[in-house]
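Notes follow the structure.
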Amino acid sequence: MELSSFFLKTGIYLLAFILSFYGLSALDYSRFLKQGHTAQAQVLYWILVLSLAYLSGSFLISFLFLQ
């Protein structure tokens, strides 16, 4: 893999992570969780952010590079 391709893909994933984090911060997901389970809520939040970032980043990469 070329170095420029690596940096482009890394940049796309980082941008997708930032946008996913920003987008999910608008949700009030505390209404759907049990009271007093903040550790589990934070783990769930990070899993959702990482999953959404990976899916959207992979979509953009496959769309741009036509793999």
Per the helix-only calculation at 222 nm, which mean residue ellipticity applies to the chain, given -39500 (n - 2.57) for every DSSP H run of n ≥ 4 and division by its residues, nearest 500 deg cm²/dmol? -26500 deg cm²/dmol
Taking Rh as the Kirkwood radius computed over C-alpha pairs, what is the Stokes-Einstein D of the chain at 37 °C in a medium of viscosity 0.692 mPa s, expressed in µm² per second? 246
For Ala41 and Leu14, FRET efficiency with R0 = 25 Å and r from the beta-carbon atoms, rounded to 0.05? 0.55
With a 10 Å radius around each residue's Cβ, average the other Cβ atoms per peptide and rank 9-16, 29-36, highest first. 9-16, 29-36
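Every number here is computed from the coordinates shown, using simple stated rules; none is lab data. Predicted model only: the values in this text are computed from it and were never measured. Reconstructed Cβ throughout: ideal geometry from the backbone, glycine too, with neighbour counts over all protein chains shown.
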